[in-house]
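So the structure is just underneath, and the comments pick up after that.
The values are calculated or read from the model by the stated rules, or taken from the named source; none is laboratory data. Quick caveat, the model's predicted, so the values are computed rather than measured. When we count neighbours, we look across all protein chains shown, and the Cβ atoms used for this are built from the backbone with ideal geometry, even at glycine. To get the accessible areas, we keep the full protein, side chains included, count just its heavy atoms, and leave off ligands, DNA and RNA. Shrake-Rupley method; radii C 1.70, N 1.55, O 1.52, S 1.80 Å.
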4 protein chains.
Amino acid sequence: MNKKIRVGILGATGMVGQRFIQLLDGHPQFEVTALAASERSESRSFQEACAWKLTNPMPDWVKTMPLQACQTPLDCDVVFSSLPSSMAGEVEAAFAQAGYPVISNSSNHRMSVDVPLLVPEINAEHLKLIDVQRERRNQKGYIVTNPNCTTVALVLALAPIQEAFGIEAVIVSTMQALSGAGYPGVASLDIIDNVIPYIDGEEPKVESEPRKILGLFADGAVTPADFRVSAQCHRVNVSDGHTEAVTIKLKKKATIADLIEVMENFQGEPQKLNLYSAPNRPVIVMKEHNRPQPRLDRDLEKGMATVVGRVREDNIFDFRFTVLGHNTVRGAAGAAILNAELLVAKGYI
Amino acid sequence: MNKKIRVGILGATGMVGQRFIQLLDGHPQFEVTALAASERSESRSFQEACAWKLTNPMPDWVKTMPLQACQTPLDCDVVFSSLPSSMAGEVEAAFAQAGYPVISNSSNHRMSVDVPLLVPEINAEHLKLIDVQRERRNQKGYIVTNPNCTTVALVLALAPIQEAFGIEAVIVSTMQALSGAGYPGVASLDIIDNVIPYIDGEEPKVESEPRKILGLFADGAVTPADFRVSAQCHRVNVSDGHTEAVTIKLKKKATIADLIEVMENFQGEPQKLNLYSAPNRPVIVMKEHNRPQPRLDRDLEKGMATVVGRVREDNIFDFRFTVLGHNTVRGAAGAAILNAELLVAKGYI
Amino acid sequence: MNKKIRVGILGATGMVGQRFIQLLDGHPQFEVTALAASERSESRSFQEACAWKLTNPMPDWVKTMPLQACQTPLDCDVVFSSLPSSMAGEVEAAFAQAGYPVISNSSNHRMSVDVPLLVPEINAEHLKLIDVQRERRNQKGYIVTNPNCTTVALVLALAPIQEAFGIEAVIVSTMQALSGAGYPGVASLDIIDNVIPYIDGEEPKVESEPRKILGLFADGAVTPADFRVSAQCHRVNVSDGHTEAVTIKLKKKATIADLIEVMENFQGEPQKLNLYSAPNRPVIVMKEHNRPQPRLDRDLEKGMATVVGRVREDNIFDFRFTVLGHNTVRGAAGAAILNAELLVAKGYI
Amino acid sequence: MNKKIRVGILGATGMVGQRFIQLLDGHPQFEVTALAASERSESRSFQEACAWKLTNPMPDWVKTMPLQACQTPLDCDVVFSSLPSSMAGEVEAAFAQAGYPVISNSSNHRMSVDVPLLVPEINAEHLKLIDVQRERRNQKGYIVTNPNCTTVALVLALAPIQEAFGIEAVIVSTMQALSGAGYPGVASLDIIDNVIPYIDGEEPKVESEPRKILGLFADGAVTPADFRVSAQCHRVNVSDGHTEAVTIKLKKKATIADLIEVMENFQGEPQKLNLYSAPNRPVIVMKEHNRPQPRLDRDLEKGMATVVGRVREDNIFDFRFTVLGHNTVRGAAGAAILNAELLVAKGYI
């Protein structure tokens, strides 16, 4: 058996950091060898510093691991980052400069022209940006990012439609889970018996990231796809699982059956390469009239699928449907781990 | 002081029936003299038959009132109806035939060509349909309806925009309160930690009613307004107050300031006539970046206003904004009572 | 490999029926061969008749199984019953009379003098009541019951204490989950932003069942334990997992360390016999100052353990602590299945 | 008309500070002339610094008031304090030393031997401690405190029982509202689908304060009542309103009817003096089998009453019942204001 790849986690005590640990527990390729967090936590054990909030208990092996500062060197081959954006920009760049592959869930570098915004089922081709990045920045390490949690769920549903019929415009209204705001995040008094019609910084991400993800790589750069996205983002009283109401205008004619068919048949590199964390069905289309629902459907495919439902014709655009994605699994830690698995398979790690 | 108008309530024990009783408690023009409900409740006192669910305690005067059958005659001058649609069609028609003005919150007759779908601030002119109705049906009584709870909140925001700039298309995604489903309504196990992306029969109502409400009366009929509406309706874990994410395309150019101005200045017959239940401001525009929120804002103007927030430009259509309305006050019982007050002022009662 | 024991489920479409199906999916000893439900569901497939409410998806094998009437004969070797108490009394007696072992989660027969109220870790000895029952009722079949969901969690914590130190009195205040009321059960409008300080029929069960369970079998009968229980039961906004605040008076002196030790070391027949559904630790004692919590701890030992926390001295009685149990797993379907596994091991099935 | 008494609020931006402002809006005797908060807020306007969380909108008059430092002098005749306990000890003592009457909701000074822990219906006599305090501390100002939110609700129900029958022991298990933890307070991820069986510092308060409140003043000191209290405190998903399950042992015999009678007839100085914020009925006893409930009953008597229900015999102690109190009205700001009204009536302000 091969030796496992050694992983460091930046921002290990946060909500996404905890998901990294849970999802890497028993992973066949990776083993966690270093944990880093903010200065406040430094030199404490993980168990002391972390308010563990997942329903799966904290794995034993992580409890006594010490928390280190978020700076090089760390005893690992690759770093996973879920740092807050106030720190991620500089810290991730420093690790990449020091030679580490940085698999980031943070937003800071997502839109940089030489950084892949990777969804392995969709744009594995964009990994070629790594070479561009290394050359431009004159470094051996590199940064690869995954999209915003709301974007991932949406773009997995959009990708097969874009490929088959071309997308002209997307209007999306989201109902997002509490865990998306981290911990402590949303105050209970703000969400009991309530909806908050605003999430700081969210709408611009949802409106820009899909275009880069679905863009074409050519001549060392990604040209964004030419459709437009309009997003209105809301926080609702749900623990995990973002629900999104999508209305879509296509370039070519299609039927409901066409749409469902391309989504259900959608497969990408992770499925072909049989990556460990790859969902069998990246897009699941439910036929029940009142699904998907976050509590019932967020854990399908272990939280790695986008679940689509209520696909129907629209009377202004062409179609509308509901999208559900697990925001801290496929929308964050799971996305980063799948990215890392692809990087291994492609020889980048 | 004039003698009060005697009111009968059909469906008195339901969620909307309870709101009728609460809002008519102490009303200067109306007094409740008859209560009717389904057969199950007949001949019991209101207190015995009703699972009172409002936070305002049940008024004393209603406790010992007997529940009667939903059939003529009832000892009253006018009936308010919040019957379930399985009963409302026939029962309301029978009361109108027997000479009663029927102020209905039920959906059955809303789209009938000779029945006003009334929002007093918007289409008081549509009351002329009463004469058409009386003549066509050869009866002295008549039916007047108020819109669906989601529609009222939306259309109050749309009316001033339609008048000033013309509307081409509206895409709306709703997050609706539990009380909209009546009692017992939504099971707690269905909504805890969850969103339900479907409400039976709701979307067609939201897509058709605004066009009739904003339509023009001429030659004895209402011609629907010519814009299109696309609605996706969701249930969320909120007791009262529907939140709606609206994206809108206009016929004429406008600025954000224009939109806010026409909404804030919107006034109609209820304000001019100083009707008892009329909100001072039918449309309130909030400037805070994260408002309106149902728990904080649903009771503004005693629940009779539409609260608008986050008015901003859209990158596909022209504008988008958030709308909030109290679904059992302005969206149901309060709407019907305001309708009745207008009917009194106009001499129809 | 042995042929599996064929199981029929009475009340298959309810919340506990669904748990039976989920927990029997892949069970090494049992296979479900018959489903029965109320008349309303008869002759429909399970998928058509059942509003599946578990987060684990409905197993494929159950979807097309037909629902039969709740009457003999059913094509099975043993029946599991989670019928409502309005039906369970007669139906279960009829199945036992017809020769079936009836493993019941219903309350009707729990306190009958010849029916075991079984918690396998505690009173496996009570199975001898089966012989008494068969003889008295002159039948080959029999009824074995498991306790009320609140009782199971409590009594697993009490059993080691009773054995070691003797219990004089127990005062318990519960905070019970929504799933305990079945589906649709508690209306969402009743529990949002609320606590309901009453659960129909619950307190008498919690006050009587523990004494029978911890009673001694001798001369063909169980003599109830001589302590007293006082219970106040509340419904709170939690999906699964009953939390209980316990204050306890002992007969002998003990220290906190003593109490924790006997609870942590508690083992019974299921552990000795290594039964399939047996928790390794029937009682888990948490040391954190703010645990157990239903969302974080209800699934420990796959929902089959009682989780105890905050063990501390009391200033009126001797000790107090918090108890948590999964009400539809160890508190219902899981309890019945463990009972059946013990019956198989002891040769009764 | 007399000139109003000028009030300063220490901790004006917190949850209780907001309640002070709401309850003093339109008060006939007091007007707010100074607001103080932590250093972070200083020199900002109230509107800028305060995250207003009440459903009643922020009064206009408070919006532009500047926030000052929590130090003397403040332009007012009396200060109301809801400072966090980390600040309250020193700051309140300093204001009293500087000559201000300090009406405090903070816990720091509650158990001091020369500080009244005042519930005006119960122990107006304890105001004589003010003279003791002034003399001992050689100051003109003084501190008067109100109890912890859980204690107030409980002790109002206990007082008439203690007077009539004598109390031997009280075991109480609480289900407490989110607003009791202030803002942001409890994280939404901690309470969704959950109960937290621990509230920092709460149980010792509930176990000690009632004995002082119900103690006798004689010879310049309060001798605590001689009953014992055992409390287990839990946080549940409720916005406002603490529910408490009480089991009680009496010194003299009583019937259920006796208990209800003394509670319903309970009146004290606020009722006799007809104080502005006094509830007509300080203790309301509900007869319905499933009340009180926080959402439905917390606002009875404008949140100034204790609501009792389910009074019934206990099978270990003598009686048990459910208690509900509004934790930020009668349990905090409303209690302090009622205290101030009594102080005015008795000539201390």
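With a Cα-only, solvent-free Debye model of the protein assembly as shown, what are the log10 I(q)/I(0) values at q = 0.06, 0.08 Å⁻¹? The calculated log intensity ratios at q = 0.06, 0.08 Å⁻¹ are -0.61, -1.12.
Semi-axes of the equivalent ellipsoid of region B:63-157 are 22, 17, 11 Å, computed as sqrt(5λ) over the eigenvalues of the C-alpha gyration tensor in descending order. Note on region A:129-230: Rg/Rh from Cα positions, Kirkwood definition for Rh, rounded to two decimals, is 1.07. A Förster distance of 22 Å, applied to the separation of the beta-carbon atoms of D:LEU216 and D:ALA257, puts the FRET efficiency at 0.20. Take each residue of peptide A:165-175, count the partner chain Cβ atoms within 10 Å of its Cβ, and average: the result is 4. Please determine, in degrees from 0 to 90 and to the nearest 10, the orientation of helix C:85-97 with respect to the longest principal axis defined by the Cα atoms of chain C, where the helix direction is its Cα long axis. The two axes meet at around 70 degrees.
Let me know the mean shielding of C:50-59 by other chains, meaning the per-residue number of their Cβ atoms within 10 Å of its Cβ.
For peptide C:50-59, the averaged partner shielding equals 2.
Modelled spin labels at B:THR33 and D:THR55, positioned 7 Å past Cα toward Cβ, are 3.4 nm from each other. Surface calculation, 1.4 Å probe, protein heavy atoms: B:TYR276 sits at approximately 130 Å² accessible. The overall shape of region B:303-349, judged from the alpha-carbon gyration tensor, is prolate: a/c is not under 1.5, and a/b is greater than b/c.
Averaged over its residues, region A:93-164 has an accessible area of 30 Å² per residue, based on protein heavy atoms and a 1.4 Å probe. Computed extension length for A:ASP75-A:LYS63: 2.5 nm, one decimal, from 0.36 nm per residue of separation with the Cα-Cα distance subtracted.
Here region D:1-121 exposes an accessible surface that is 46 percent carbon and sulfur, computed with a 1.4 Å probe and the other protein chains kept in place.
Here the contact order of region D:49-106, divided by its residue count and restricted to Cα pairs under 8 Å and six or more residues apart, works out to 34 percent.
Taking the DSSP bridge list for chain A and keeping only pairs wholly inside it, about 45 percent are antiparallel.
Evaluated with a Cβ-only charge set (Lys, Arg +1; Asp, Glu -1), the protein assembly as shown carries a dipole of roughly 0 debye about its Cα centre, given to the nearest 20. Across the copies of the chain, A:LYS63 has label points (7 Å from Cα along Cα→Cβ) spaced 4.2, 5.5, 5.8 nm apart, shortest distance listed first. Take each peptide in B:242-251, A:295-304, count the other Cβ atoms within 10 Å of every residue, and average; sorted highest first, the result is B:242-251, A:295-304. Counting only protein heavy atoms and a probe of 1.4 Å, the accessible surface of region B:208-349 is 46% carbon and sulfur. Computed from the C-beta positions of D:HIS289 and D:SER45 and an R0 of 60 Å, the FRET efficiency is 0.75 to the nearest 0.05. Rounded to two decimals, the Cα radius of gyration of region D:1-126 over 2.2 N^0.38 Å is 1.04.
Dipole size of region B:42-172 about its Cα centre, with +1 on Lys/Arg Cβ and -1 on Asp/Glu Cβ: approximately 200 debye, rounded to the nearest 20. To the nearest 10 degrees, how steep is helix B:15-24 against the longest Cα principal axis of chain B, on a 0 to 90 scale? Orientation of helix B:15-24: about 80 degrees from the principal axis. Pairing chains B and C buries close to 1300 square angstrom of accessible surface in total, based on protein heavy atoms and a 1.4 angstrom probe. Peptides D:26-34, A:93-101 ordered by packing proxy, namely the average of other Cβ atoms within 10 Å per residue, highest first: A:93-101, D:26-34.
For C:SER81, the residues whose amide H sits under 5 Å from its own are C:LEU10, C:ILE103, C:SER104, C:ASN105, ignoring neighbours fewer than 5 places away on the same chain, with H placed 1.01 Å from N. Structure note, pairs B:LYS4/B:LYS302; B:LYS302/B:LYS346; C:LYS63/C:LYS140; D:LYS53/D:LYS287; D:LYS212/D:LYS253; B:LYS346/D:LYS302: Cα-Cα distances above 30 angstrom occur for C:LYS63/C:LYS140; D:LYS53/D:LYS287; B:LYS346/D:LYS302. Directionally averaged projected area (region C:199-332, Cα convex hull): 9.7 nm².
Need the C-alpha centroid separation for region A:1-27 versus region C:288-349, integer Å. About 31 Å separates the Cα centre of region A:1-27 from the one of region C:288-349.
Normalised by the number of residues in chain D, the average gap of Cα pairs under 8 Å and 6 or more apart makes the relative contact order 17 percent. Per-residue 3J(HN,Hα) values for region A:298-303, derived from phi via the Karplus relation 6.51 cos²θ - 1.76 cosθ + 1.60 with θ = phi - 60°, read 5, 9, 4, 6, 6, x Hz in sequence order (x marks Gly and Pro). Burial annotation for region B:179-196: residues with an accessible-area loss of at least 50 Å² between the isolated chain and the complete set of protein chains, computed on heavy atoms with a 1.4 Å probe, are B:SER188, B:LEU189, B:ASP190, B:ILE192, B:ASP193, B:ASN194, B:VAL195. In the full protein context, region B:254-347 carries 34 Å² of accessible surface per residue, based on a 1.4 Å probe and ignoring ligands, DNA and RNA. DSSP bridge analysis restricted to region A:107-253 gives an antiparallel fraction near 55%, rounded to the nearest 5. Using only side-chain charges placed at the Cβ, +1 for Lys and Arg and -1 for Asp and Glu, the dipole size of region D:221-349 relative to its Cα centre rounds to 180 debye. Across region B:192-347, Cα pairs under 8 Å and at least six residues apart give a relative contact order of 23 percent. Taking the inverse of the mean reciprocal distance over all distinct Cα pairs, the Kirkwood hydrodynamic radius of chain D comes to 20.3 Å.
Remark: label point of A:ASP131 defined 7 Å out from Cα along the Cα-Cβ vector; separations to the same position in other copies 8.2, 8.2, 9.5 nm, ascending.
The mean number of Cβ atoms from other chains found within 10 Å of a Cβ in peptide A:239-248 is 5, as a whole number.
Here the Karplus curve 6.51 cos²θ - 1.76 cosθ + 1.60, taken at θ = phi - 60°, turns the phi angles of region C:142-149 into couplings of 6, 10, 10, 10, 10, x, 3, 4 Hz, with x standing for Gly and Pro. When each of the peptides D:116-126, A:204-214 is scored by how many other beta carbons lie within 10 Å of its residues on average, the order from highest to lowest is D:116-126, A:204-214.
Principal-axis analysis of the Cα atoms of chain A puts helix A:334-345 at an angle of about 70° to the longest axis. Taking amide H as placed 1.01 Å from N in the peptide plane, A:ARG44 has its amide H under 5 Å from the amide H of A:LEU67, each at least 5 places away in sequence or on another chain. Judged by the ratio a/c of the largest to the smallest principal axis of the C-alpha gyration tensor, region D:5-75 counts as oblate, that ratio being 1.5 or greater while a/b is no larger than b/c. From its DSSP helices (H runs of at least four residues, each -39,500 (n - 2.57)), chain C gives a residue-normalised ellipticity at 222 nm of -8000 deg cm²/dmol.
The same position D:LYS4 in the other copies lies at 3.3, 6.7, 7.5 nm from this copy, comparing label points 7 Å beyond Cα toward the beta-carbon, shortest first. Spatially, region A:72-128 and region D:57-107 are offset by 50 Å when compared through their Cα centroids.
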